[in-house]
Amino acid sequence: NAGVTQTPKFQVLKTGQSMTLQCAQDMNHNSMYWYRQDPGMGLRLIYYSASEGTTDKGEVPNGYNVSRLNKREFSLRLESAAPSQTSVYFCASSGAGVQPQHFGDGTRLSIL
Amino acid sequence: AQSVTQPDIHITVSEGASLELRCNYSYGATPYLFWYVQSPGQGLQLLLKYFSGDTLVQGIKGFEAEFKRSQSSFNLRKPSVHWSDAAEYFCAVGAVSGGYNKLIFGAGTRLAVHP
């Protein structure tokens, strides 16, 4: 009954370092999403994947890249981390049509 | 453009009191509406959803929400708050756009519960 699993849960990086955040879902969902959450701003969509093999930019894609490795896994990469990317990152997945999104527990990322 | 406004950033209520969290949306067509709850250090959990039909929607943990098209609102209510309800609450409007399930979130309302 895992749902959406994100790793790692916490990470501290130095400016300029790179990192990949991992996400996997076991609900056989087609669509997957990466959000960032900042105080007072709700959740903002970084990238999404409507189905395996496709990815598209969301509201705030600059500084990030994604890979939809297979139907289960969707990773988010920071190539050169910046302090402005300090945030909590959430992965989510959903089934076809207008369905609720299911969220992981988040990755808390600090960039010094 | 689609948007969601949660006018109250923080709300404090006493345990046992009633609760209403406000949500207003802007959307050109019939909206799909959601309320999520986030406990500290956790992800978002779906409380309830409105797609169509009865405008009063029941959710988990004793919550309900009422869709009012004329007011573009989808307010969340609970008759009697428990200390464990202290959390942050997010309203969201959804649509299918470009083949994916798009959600626009409000900024959230943080609920504190006094004993």
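Since every read-out is calculated from the coordinates, none of them should be taken as a lab result. Given the structure is predicted, the values throughout are model-derived calculations rather than measurements. Cβ: placed from backbone, ideal geometry, glycine included. Neighbour counts: every protein chain shown.
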Pairs of Cα atoms under 8 Å, at least six residues apart: use those to get the relative contact order of chain B, whole percent. 37
Find the centroid of the Cα atoms in region A:1-63 and in region B:45-80, then give the distance between the two in whole Å. 28
Listed residues A:Met19, A:Met27, A:Met41; largest mean-square fluctuation, Gaussian network over chain A with Cα springs below 10 Å, found at A:Met41
Give the cross-link partners of B:Lys61 among the aspartates and glutamates, using a straight C-alpha distance below 17 Å as the criterion and excluding same-chain residues fewer than 8 apart. B:Glu15, B:Glu20, B:Asp85, B:Glu88
Taking chain A as a Gaussian network, Cα atoms linked when under 10 Å apart, which of A:Gly58, A:Gly16, A:Gly40 shows the biggest mean-square fluctuation? A:Gly40
Stick to Cα atoms and the Kirkwood definition of Rh, then tell me Rg/Rh for region A:56-112. 0.98
Mind running the shape call on chain B? Use the C-alpha gyration tensor, a ≥ b ≥ c as the square roots of the eigenvalues: rounded below 1.5 for a/c, prolate if a/b tops b/c, oblate otherwise. prolate
Eligible lysines near A:Lys71 by straight Cα distance, threshold 27 Å, same-chain separation 8 or greater: A:Lys9, A:Lys57, B:Lys49, B:Lys102
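Can you bin chain A into rounded, prolate or oblate? Criterion: square roots of the alpha carbon gyration tensor eigenvalues sorted a ≥ b ≥ c, rounded for a/c under 1.5, prolate for a/b above b/c, oblate for the rest.
It is prolate, given that a/c is not under 1.5 and a/b is the larger ratio.
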Net dipole in debye of region B:43-113 [+1 Lys, Arg Cβ; -1 Asp, Glu Cβ; about Cα centre; nearest 20]: 100
Projecting the Cα atoms of A:Leu109, B:Ala92, B:Leu48 onto the charge dipole of the protein assembly as shown, where Lys and Arg contribute +1 and Asp and Glu -1 at Cβ, the residue farthest towards the positive end is A:Leu109
Residue of B:Ala29, B:Ala86, B:Ala95 that the Gaussian network model of chain B assigns the largest fluctuation, springs spanning Cα pairs under 10 Å: B:Ala29
Distance (nanometres) between label positions extended 7 Å along Cα→Cβ at B:Ser52 and A:Ser80: 5.0
For the protein assembly as shown, inverting the pair-averaged 1/r of distinct alpha-carbon atoms gives a Kirkwood value in Å of 18.1
Taking beta carbons within 10 Å but only from partner chains, what does the mean come to for residues A:40-46? 5
Could you compute Rg(Cα) / (2.2 N^0.38 Å) for region B:58-115, with N its residue count? 1.36
Computed for the protein assembly as shown: size of charge dipole around the Cα centre, +1 on C-beta of each Lys and Arg, -1 on C-beta of each Asp and Glu, debye to nearest 20, value 280
With a cut-off of 8 Å between alpha carbons and a minimum separation of six or more residues, what is the relative contact order of chain A in percent? 36
